[in-house]
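Undergrad: To start, I am sharing the structure in question, which I have written as structure tokens.
The values are calculated or read from the model by the stated rules, or taken from the named source; none is laboratory data. Predicted, not measured: the structure shown is a model, and the values here were computed from it. Neighbour counts run over all protein chains shown; Cβ positions are idealised from the backbone, glycine included.
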Amino acid sequence: MELAKITTRGQITIPIEIRKKLGVKDGDKVIFIEENGRIIMENAAMIALKNAQEAFAGEAERLGLKTEQDVVDLVKEVRRELWEERHARND
């Protein structure tokens, strides 16, 4: 268990062991989540990544992407289509 003191400005210093466990460093952001009457502090970047992963869940399968090369090919195709659209408008 770690202990931190709140300053008169409402600030705390997160103990080093907690920062290590959260994977946060100077300048990083943390998020406070209320869950079942408790407040949980999380690494904001990791929560954002987790949310993005959940949002994209199943998309690779839906698009038929099975390998890294499939992803590379899809990106090339989309870039080609965008390039063609832009240049078709400039004719």
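Undergrad: Give the residues of the stretch 38-57 that are at pLDDT 95 or above, surrounded by 10 or more Cβ atoms within 10 Å (Cβ to Cβ) and touching a strand residue (DSSP E or B) at 6+ places or on another chain (Cβ under 6 Å), sorted by residue number.
TA: ILE40, MET41, GLU42, ALA44
Undergrad: From (1) over 24 Å from the mean Cα position of the chain (by Cα); (2) at pLDDT 95 or above, pick out the condition that doesn't hold for HIS87.
TA: All conditions are met except number (2).
Undergrad: Having 3 or more residues that are touching a helix residue (DSSP H, G or I) at 6+ places or on another chain (Cβ under 9 Å) is the bar; report the helices (runs of 4 or more DSSP H) wholly within the stretch 26-91 that clear it.
TA: On the way: elements: 44-56, 59-63, 68-89.
Correct list: 68-89.
Undergrad: Take the residues in the stretch 1-25 that are assigned to a loop (DSSP other than H, G, I, E, B), of a type in the set (D, E, K, R) and over 15 Å from ALA45 (Cβ atoms), then tell me which one is modelled with the lowest pLDDT. Walk me through how you get there before you give the answer.
TA: Initial filter on the stretch 1-25 (assigned to a loop (DSSP other than H, G, I, E, B)): 1-15, 23-25.
In the following step, the residues that additionally are of a type in the set (D, E, K, R) were identified as 2, 5, 9, 25.
Checking which are over 15 Å from ALA45 (Cβ atoms) leaves us with 2, 5, 9.
Values: GLU2: 91, LYS5: 95, ARG9: 97.
Step by step, filter the stretch 1-25, then rank; the result is GLU2.
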